[in-house]
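One structure is given below, encoded as structure tokens.
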Amino acid sequence: MPRFCIISNDLYTVSNLRGDLLHALAEQGWEIHILVPNRTDYPAIEAAFVAQQFYIHDYALQKSGTHPWHELKTIQSLYRQLKHIQPNRVLSYTIKPAMYGTLAAYYAGVPARYILLSGLGFAFQSQHRGAFKYIKYAFDRVFAYALTKATRVIFQNSDDLALIQQLGLLKNTPTGVVNGSGVNLDRFKRMPLIENTQQQPASIFVMVARLLKDKGIYEYIQAVQQIKSRHPEAVFHLVGWIDDNPEAISKHVLDEWITAGLIEYWGRVDDVRPIIAKANVMVLPSYREGTPRSVLEAMAMGRAVITTDAPGCRETIVDGKNGYQVKVASVTALTDAMQKIIDTPSDLRFMSDFSYDMVCQRYDVHKVNQEMIDLMSN
């Protein structure tokens, strides 16, 4: 039986974002191996994968550090595991696993090595000064070298492909573009909109994201403050968590927002469907994405969207049809879009229809997974 190995930085994201892909591969006769750090962090997910006869392996990874010793340990750890597993194909995603997983797979003699760039992270989005400029330079060189060792690099939007080409990081490696990770329409079913006492769609918004500056969290909160001052009845949900990313907000700041009554905060949840169902509009003021899964899930449930004219985000919105597209980092534009929703609540019914139709046509997980499998087959 041929062996397929996926390398990630987190078992939760493998389950949430790539689970359907792994199931599709297993149905086609592949033996599935999953390489992640800290596999025991999610015992229920681990048990579910094991029950499906998937194999899970640990490797050493410091997610946000840049010390050369730790980075070398990651490559060595991956190399040892891959020599043991001896997969026929490897798919690596998120920046560090993409770099180090591909290099380890190359030196371990894995015949086919695929990189999925599901968005370009902190290192590509921020202005760097001082010592970090030199770290960034070294990072770019290692990343560029890893790209040359890939069989194919797969992107989730054409803007990311263009940027990598512009930076000179992509030489002659074949590429492909898919419509994000897709969304499971059997799991994320369309739900009725929430109505107010006037039988109109209520002004209820939700943001689902890691609590990072470049997800637009500060713009969301500042827009909430302005809307709340005019429309205290409007409701704003926030789903997400604080991690060790340098761009993450502090817990103190989050607590201030909660105490001020600006948001209903849910933390990190295993199932976002009940919370999306409580809202009528998904808001994601992100600075850059691959293709935002939270937006696709909301569209599948028939929700309007407010998101930015940023790579990955702009593909999910037809301005004025399934929601509104706003400028990146513009509190004014975001506030105006929220105000339009409040002023014309009946538009949400049309936007709901448009969102659902759009996600069915472009982002059905079965279609996207077949695109992925095809790109990893030649």
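So which of Leu193, Leu185, Leu147 ends up being assigned to a helix (DSSP H, G or I), out of contact with any Phe, Trp or Tyr (no Cβ under 8 Å at 6 or more places or on another chain) and modelled with pLDDT of 95 or more? Before the answer, list the steps.
Details: Leu193 fails: assigned to a helix (DSSP H, G or I); Leu185 fails: assigned to a helix (DSSP H, G or I).
Residue meeting the stated conditions: Leu147.
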Open item on the list: Name the residue that is surrounded by the fewest Cβ atoms within 10 Å (Cβ to Cβ), counting only residues in segment 169-214 that are among the polar types (S, T, N, Q) and touching a Leu at 6+ places or on another chain (Cβ under 7 Å).
Closed with: Thr173
Task: Check on Ala304, crowded, with 24+ Cβ neighbours inside 10 Å and either under 24 Å from the mean Cα position of the chain (by Cα) or farther than 22 Å from Ser229 by Cα (or both) - done: yes
- [ ] Select from segment 307-331 the residues that are within 17 Å of Asp353 (Cβ to Cβ), under 17 Å from the mean Cα position of the chain (by Cα) and part of a loop (DSSP other than H, G, I, E, B) and list them in ascending order.
- [x] Ile317
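Every residue, every condition in (1) in the same structural domain as Gln370 (by TED's automatic domain parsing); (2) closer than 30 Å to Tyr93 by Cα; (3) in contact (Cβ under 8 Å) with a residue 60 or more places away in the chain, yes or no:
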{"site": "Arg210", "(1), (2), (3)": "no, yes, no"}
{"site": "Asp214", "(1), (2), (3)": "no, yes, yes"}
{"site": "Tyr220", "(1), (2), (3)": "no, yes, yes"}
{"site": "Gly240", "(1), (2), (3)": "no, yes, no"}
{"site": "Val253", "(1), (2), (3)": "no, no, no"}
{"site": "Thr259", "(1), (2), (3)": "no, no, no"}
Task: Test for Asp244: is it part of a loop (DSSP other than H, G, I, E, B), surrounded by fewer than 19 Cβ atoms within 10 Å (Cβ to Cβ) and in contact with a helix residue (DSSP H, G or I) (Cβ under 9 Å, 6 or more places away or on another chain) - done: no
TODO: With respect to Thr197, determine if the residue is more than 26 Å from Tyr356 (Cα to Cα) and not basic (Lys, Arg).
DONE: no
Task: Pick from segment 156-168, criterion more than 22 Å from the chain's Cα centre (by Cα) and not polar (S, T, N, Q), ranking: surrounded by the most Cβ atoms within 10 Å (Cβ to Cβ) - done: Leu167
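Let's see how each residue does on (1) closer than 29 Å to Ile75 by Cβ; (2) touching a Lys or Arg at 6+ places or on another chain (Cβ under 8 Å):
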position: Gln156; (1), (2): yes, no
position: Asp186; (1), (2): no, no
position: Thr197; (1), (2): no, no
position: Pro201; (1), (2): no, yes
position: Leu211; (1), (2): no, no
position: Ala223; (1), (2): no, no
position: His231; (1), (2): no, no
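Count, please, the residues in segment 1-45 that happen to be acidic (Asp, Glu) and either touching a Ser or Thr at 6+ places or on another chain (Cβ under 7 Å) or not assigned by TED's automatic domain parsing to the domain that holds Arg80 (or both).
First pass over segment 1-45, keeping only residues acidic (Asp, Glu): 10, 20, 27, 31, 41.
Then drop every residue that is not either touching a Ser or Thr at 6+ places or on another chain (Cβ under 7 Å) or not assigned by TED's automatic domain parsing to the domain that holds Arg80 (or both), which leaves none.
The qualifying residues number 0.
Looking at Pro68, Pro2 in this structure, which one is surrounded by fewer than 21 Cβ atoms within 10 Å (Cβ to Cβ) and without any contact (Cβ under 8 Å) to a residue 24 or more places away in the chain?
Values: Pro2 fails: without any contact (Cβ under 8 Å) to a residue 24 or more places away in the chain.
Answer to the check: Pro68.
The values are calculated or read from the model by the stated rules, or taken from the named source; none is laboratory data. Just so it is clear, the structure is predicted and the values come from calculations on it, not from any experiment. Neighbour counts run over all protein chains shown; Cβ positions are idealised from the backbone, glycine included.
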